[in-house]
1. Only one of (1) out of contact with any helix residue (DSSP H, G or I) (no Cβ under 9 Å at 6 or more places or on another chain); (2) modelled with pLDDT under 95 fails for residue 234. Which number is that?
2. Condition test on residue 491, is it loosely packed, with under 14 Cβ neighbours inside 10 Å, in a helix (DSSP H, G or I), modelled with pLDDT of 90 or more and within 34 Å of the chain's Cα centre (by Cα)?
3. Could you list, in sequence order, all residues of the range 299-345 that are assigned to a helix (DSSP H, G or I) and polar (S, T, N, Q)?
4. Can you confirm whether the range 514-534 contains a residue that is within 24 Å of residue 358 (Cβ to Cβ), assigned to a helix (DSSP H, G or I) and in contact with a helix residue (DSSP H, G or I) (Cβ under 6 Å, 6 or more places away or on another chain)?
5. Which one is nearest to the chain's Cα centre (by Cα), of the residues in the range 346-390 that are aromatic (Phe, Trp, Tyr) and in a strand (DSSP E or B)?
6. So, in the range 45-103, of the ones that are at pLDDT 70 or above and polar (S, T, N, Q), which residue ends up nearest to residue 164 (Cα to Cα)?
7. Would you please name the residue that is surrounded by the most Cβ atoms within 10 Å (Cβ to Cβ), looking only at residues in the range 200-244 that are of a type in the set (A, V, I, L, M) and assigned to a loop (DSSP other than H, G, I, E, B)?
8. Show the residue pairs meeting these rules: Cβ distance below 7 Å; 6+ apart or different chains; first residue within the range 452-469 and surrounded by 15 or more Cβ atoms within 10 Å (Cβ to Cβ); second residue part of a loop (DSSP other than H, G, I, E, B).
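The values are calculated or read from the model by the stated rules, or taken from the named source; none is laboratory data. Just so we're clear, the structure is a prediction, and the values are computed from it rather than from any experiment. Here the Cβ positions follow ideal geometry from the backbone for every residue, glycine too, while neighbour counts run over all protein chains shown.
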Amino acid sequence: MGISLRDCQYLFRDFYSQGKELTVEGPQLRCELASRYAMNQDVHGLMEEGGDIAILEPAGPGVATADKGNAQLMLEYDGGIAADGYRLVIGEDAKLVIAASNRRGLKYGLDALTMLLTAEEDCCRLPVVTVEDEPSFAVRGIIEGFYGVPWSFADRMDSVRYMSEHRMNAFMYAPKDDPYHRKLWREPYPDEVFAKIHDLKRECDKHLVDFYYCISPGNDLEFRSSADFLKLEEKLAAMIAIGVRHFALLMDDIDYVLQGDNKQFLERSGTAHAYVTNRVYDYLAECLPHFTLAMCPSEYWSYWNTEYKKDILEQLHPAVKVFWTGYFVFAPEIGRRHAEDNFNYYGHELWLWDNIPVNDCDKDRLFLDPVRGRSSRLGRYGHTAVVANPMNQWECSKITLGTMAHYMWNSERYMPELSWELSVREFAGELAEDMMFFCRQNLNSRLYSGDYRDLDDALAERDLERLDAYFSRLEQTAVRLGGLDNDKFIEEAGPWLCRAIGDAMLWRAVRRQLTDPLNPQAQAEVYQRLETCRSYGVRLGIDAAVRAAEALGIGLPEMEEEIKEDLKEATKEEDRHD
């Protein structure tokens, strides 16, 4: 139903409008198609059927049709437009032009047309405008690269559709705890699993999303073993047979110090990883005329040069792309200096594997804030791709991923707070205000230390009325979000919604103890409510009710050992990544 001028100026790179409007009769924009893009004029699958826009394809020479449109749509090929970019012209004469250099650009142009359209009962309205739009990064997408329970194939299918709708073009299949990806990398997938991967590949094709098959053999690969390389090639060959053309070899999170015959054969891990990657590259080159190969080095984070990076620079095939995650596994910022330095150290196109909003090191947390702290000009410093590593909770990941999509498309204009607002509004509709409040209680503690100022100020001033209002709103928000028309969100976020209500009840118990500090029944209720909060097995942001109780002098000794254990577990998980 159209979007505001402010949103247009933010979401589209260049938006030229003089304030005029095109109005055509009818409740649907029915476009008579002409094409100078390709002789076959094939637009099948570029947009969903039955929406506010219908494409009326020509019936053929000499064939008359009574199905008339109320607008004309011309598709044009323009090789000067960047891949996935497009130019959309909406004229006062109801002539529409979409120019692009590839099929995905045509799709994004049609998507833009749909966004700008306001369809009413008796007419359709469009701004008279020229839009020139192209991405900051050639590859934009999601890498399912977290530890823990992998996504279901239903989640993966939905993620592909989501990416297609948000101008992302790459799905990278790399679930750490899929045994056939990592531990049993030599073994073929069971037939039923492989069939689902094939279905996922078809879904990617349908939505113009590139499917990347990733494999992680580095833990126990014998670099001199012909049998091991044969198993690796067989795994790749199976994917080639179903049309996969994009691959990644992942050597992250392994003990990469060479031992035994591997050390005698190749001496250094950088040399070894360049060697195996080059072997894979050569194999793919024998099988395919066009393909993509990326590799994730073991030193996928850090900001200084090393012998390992030097070996990759000098020995890795120049066409191979190299992942990194920033100067740390979870990098609060990725600025020019670190990005440019690492590009020079590795000497290959860099692909940012951004560990946002992944929560596998914080399984009891949700991270629902926007991506922050990424250079607006990362594409100028050797980076041609950005892929996000989401949470185990796919549906909840959409809020951050909506902001990631904006950054990936136009990093130069990206504004975190505005993107957050747009993403939350898209996700929650009429409950956007409640959703935003809930999101603000679930900030990414790995990357961002604020902003809980309302709570902090109230505690600093011992303002009990403000604290009452805060916890009352927290409870009401959780109750309302529990009625959101999104069963998947309620299933995933349910424990955190319950914890929010539990925090509010704990606060009320704390209030009663503050009023009557010597009443043992009041103290017992605090402990009971605390145990209820703990029973959900999740944390909400900064544990607001616990923090409030402690700040106001209510001791919670039972929490001490649990907190220590949580810190130990978090440290173990972080060490595992490092």
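1. (2)
2. Working: loosely packed, with under 14 Cβ neighbours inside 10 Å: yes; in a helix (DSSP H, G or I): yes; modelled with pLDDT of 90 or more: yes; within 34 Å of the chain's Cα centre (by Cα): yes.
Against the criterion (loosely packed, with under 14 Cβ neighbours inside 10 Å, in a helix (DSSP H, G or I), modelled with pLDDT of 90 or more and within 34 Å of the chain's Cα centre (by Cα)), residue 491 qualifies.
3. Start the filter on the range 299-345 by keeping residues that are assigned to a helix (DSSP H, G or I), which leaves 307-315, 336-345.
315, 342, 344, listed by residue number.
4. Kept after step one, since they are within 24 Å of residue 358 (Cβ to Cβ), are these residues of the range 514-534: none.
Among the residues of the range 514-534, not one is within 24 Å of residue 358 (Cβ to Cβ), assigned to a helix (DSSP H, G or I) and in contact with a helix residue (DSSP H, G or I) (Cβ under 6 Å, 6 or more places away or on another chain), which makes the answer no.
5. In the first step, residues of the range 346-390 are kept if they are aromatic (Phe, Trp, Tyr); the result is 346, 351, 353, 367, 381.
Remaining after also requiring in a strand (DSSP E or B): 351, 353.
Numbers: 351: 14, 353: 10 Å.
Among those that are aromatic (Phe, Trp, Tyr) and in a strand (DSSP E or B), it is 353.
6. Start the filter on the range 45-103 by keeping residues that are at pLDDT 70 or above, which leaves 46, 51-57, 68-103.
Applying the additional criterion that residues be polar (S, T, N, Q) yields 70, 72, 101-102.
On the way: 70: 27, 72: 25, 101: 18, 102: 15 Å.
Only one residue fits best here, namely 102.
7. Pass one, the range 200-244, residues of a type in the set (A, V, I, L, M): 200, 208-209, 215, 221, 227, 230, 232, 236-242, 244.
Subset that is assigned to a loop (DSSP other than H, G, I, E, B): 208-209, 221, 242, 244.
Values: 208: 20, 209: 24, 221: 20, 242: 16, 244: 21.
Here the answer is 209.
8. 452/541; 452/542
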